[in-house]
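What follows is one structure encoded as structure tokens, with my remarks underneath.
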Amino acid sequence: MRPTLLPRTVLLLIPLGIVPAMARGAETPRLQVPSGWRIEDTEYPPAWAKTLPWKGRLQLRFPPGFFRENDDYAWSYPIFYWLEGNVLEKQADFDRALRAYDAGLYQGQFAAQKIKIEFGKSRMTTKHSHAVVRRSITFHGFDPFVTKQPLTTHLEVFRWYCPEADHTAVLILRTPRPFDAEDKVWKDLLQFWEKVDCS
């Protein structure tokens with residue numbers, strides 16, 4: 001097997017301490033896995049939303065009770081995007097990403113046009129010195145798994161760009177429970193924001 005050779009321009013830059021993103025690589029930050037939670041890691045866009053133009057990786061963590069209608073943790077989970085480039089800056093792009101993702105999951109049981117997305121005002125915070133945009137979103141959609149009925153979920157969304165890796169990170173915390181930092185489900189979800197690493 002022939003070794004992979006870096007382009008000559010990259011080799012010239014390395015002695016100067018300048019290493020382009022393609023040479024450094026872009027290792028995907030990992031979401032924690034609480035005991036008993038199920039893991040799903042896949043490519044982005046996922047198989048049910050292949051029309052989306054952005055490329056990268058997707059991570060989800062599902063708690064016990066996610067598929068139980070009356071459980072406190074029903075439809076409560078984090079989802080993490082790690083996407084190539086500086087993307088999903090505009091609300092219109094984010095609307096498209098959320099809408100296509102869920103509509104694909106519905107598999108024709110609920111039309112994409114019926115989905116209603118309410119965006120709250122952007123707030124600024126930080127993660128490892130990166131500027132982070134945080135938004136509260138209310139998503140009026142559908143439960144294709146258990147109830148087969150319309151479902152409203154509440155999202156806390158954190159989006160930031162990591163120039164060292166030339167990737168965009170998006171963490172979505174989602175549950176039918178209205179946001180309350182003292183709520184036990186939200187406390188568990190917010191731990192993913194506290195512990196996700198992108199440095």
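Structure notes:
- When every residue of the range 170-187 is checked against the conditions, none turns out to be out of contact with any helix residue (DSSP H, G or I) (no Cβ under 9 Å at 6 or more places or on another chain), at pLDDT 95 or above and within 18 Å of TYR81 (Cβ to Cβ).
- All of ASP188, ASP180, ASP197 fail the test of being under 17 Å from the mean Cα position of the chain (by Cα), exposed (fewer than 15 other Cβ atoms within 10 Å of the Cβ) and over 19 Å from LEU88 (Cα atoms), apart from ASP197.
- Residue match in the range 136-147 (condition: farther than 22 Å from ARG57 by Cβ, touching a residue at least 60 places away in the same chain (Cβ under 8 Å) and of a type in the set (Val, Ile, Thr)): yes
- Search result, residues across the range 96-147 that are charged (D, E, K, R) and either surrounded by fewer than 15 Cβ atoms within 10 Å (Cβ to Cβ) or under 18 Å from the mean Cα position of the chain (by Cα) (or both): ARG96, ARG99, ASP102, LYS114, LYS116, GLU118, LYS121, ARG123, LYS127, ARG134, ARG135
The values are calculated or read from the model by the stated rules, or taken from the named source; none is laboratory data. Note that the structure is predicted; figures quoted are calculated from it, not measured. Methodologically, a virtual Cβ is constructed for each residue, glycine included, from the backbone with ideal geometry; neighbour enumeration extends over all protein chains shown.
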